[in-house]
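What follows is one structure encoded as structure tokens, with my remarks underneath.
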Amino acid sequence: NAGVTQTPKFQVLKTGQSMTLQCAQDMNHEYMSWYRQDPGMGLRLIHYSVGAGITDQGEVPNGYNVSRSTTEDFPLRLLSAAPSQTSVYFCASNKAGASNEKLFFGSGTQLSVL
Amino acid sequence: AQSVTQLGSHVSVSEGALVLLRCNYSSSVPPYLFWYVQYPNQGLQLLLKYTSAATLVKGINGFEAEFKKSETSFHLTKPSAHMSDAAEYFCAVSLSGGYNKLIFGAGTRLAVHP
């Protein structure tokens, strides 16, 4: 059982470049989300989705786009990378239902923007 | 607005000593509270969660946490630290109802020395 799979694990970009971080889950979870982790700030929610075709903004959405065409996949797009987007990115999924459902996290993507 | 404060970004204990990681929250409604653990180069894993069923919550790996409404606290404890407990620990809060947007604390890095 793979769980939540993120690719790539590491990425270096130049300012202004674009890229897509991939996230896939095989648990048939309705909810998926993207977080970024920065030192001393914990994890902050970027975007989330409660089902295919439905996405919404989290706490820090600027500079990022998402779409959810299937239940399994939830890619995160950086259209024009900036140094402020240097961070570790985590994708997570969980079942719909009560708000106490636990999140399953991927192993993260470490992104550096030069 | 909800928030989470973790007191102490770094905690160091001896192997076999008590582990105490502090978490205080603010929420205008009864919250759901979580502790997640992150081992090096991995995503977060759920340690335990409070869902109002019982104020003392037992989690995995011998950890437990007590919800104290009067103190707005949800401190994490373990009677005897093991070397394998060295990791970063995150407290998180979510509102009941709807998509569970988790608000994370900044994290506490636990070091365990022989």
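A short reminder: the numbers here are calculations on the coordinates, not readings from a lab. Values in this document were obtained by computation on a predicted structure and should not be read as measured data. Cβ placement follows ideal geometry from the backbone for every residue including glycine, while neighbour counts extend to all protein chains displayed.
One table, with the values for the structure above:
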item: Filtered residues of segment A:89-114 (kept if surrounded by 19 or more Cβ atoms within 10 Å (Cβ to Cβ) and touching an Asp or Glu at 6+ places or on another chain (Cβ under 9 Å)); result: A:Ser93, A:Asn94
item: Among (1) away from chain A (no Cβ under 14 Å); (2) more than 30 Å from A:Ser49 (Cα to Cα), the one test that B:Ser28 misses; result: (2)
item: Residue within segment A:74-82 that is free of Cβ contacts under 8 Å to residues at least 60 places away in the same chain, under 13 Å from the mean Cα position of the chain (by Cα), closer than 20 Å to A:Met19 by Cβ and not in a loop (DSSP other than H, G, I, E, B) present; result: yes
item: Hits in segment B:50-94 - residues which are part of a loop (DSSP other than H, G, I, E, B), more than 27 Å from A:Tyr35 (Cβ to Cβ) and away from chain A (no Cβ under 14 Å); result: B:Thr55, B:Lys69, B:Ser70, B:Glu71, B:Pro79, B:Ser80, B:Ala81, B:His82
item: Residue count for segment A:41-75, restricted to those that are at the interface with chain B (Cβ under 9 Å from one of its Cβ atoms) and within 18 Å of A:Thr109 (Cα to Cα); result: 6
item: Subset of segment B:1-55 (residues that are buried (at least 16 other Cβ atoms within 10 Å of the Cβ), under 17 Å from B:Arg109 (Cα atoms) and touching a helix residue (DSSP H, G or I) at 6+ places or on another chain (Cβ under 9 Å)); result: B:Val13, B:Val19, B:Val37, B:Gln45, B:Leu46, B:Leu47
item: Subset of segment A:1-50 that is buried (at least 16 other Cβ atoms within 10 Å of the Cβ) and hydroxyl-bearing (Ser, Thr, Tyr) - its residue that is nearest to B:Asn41 (Cα to Cα); result: A:Tyr35
item: Of residues in segment A:89-114 being more than 10 Å from every other protein chain (Cβ to nearest Cβ) and either under 11 Å from the mean Cα position of the chain (by Cα) or among the hydrophobic types (A, V, I, L, M, F, W, C) (or both), the one farthest from A:Met32 (Cα to Cα); result: A:Leu114
item: Filter result for the condition that a residue is part of a loop (DSSP other than H, G, I, E, B) and touching a residue at least 12 places away in the same chain (Cβ under 8 Å), over A:Thr20, A:Thr70; result: A:Thr70
item: Subset tally (residues that are more than 10 Å from B:Val93 (Cα to Cα) and part of a strand (DSSP E or B)) for segment B:3-22; result: 12
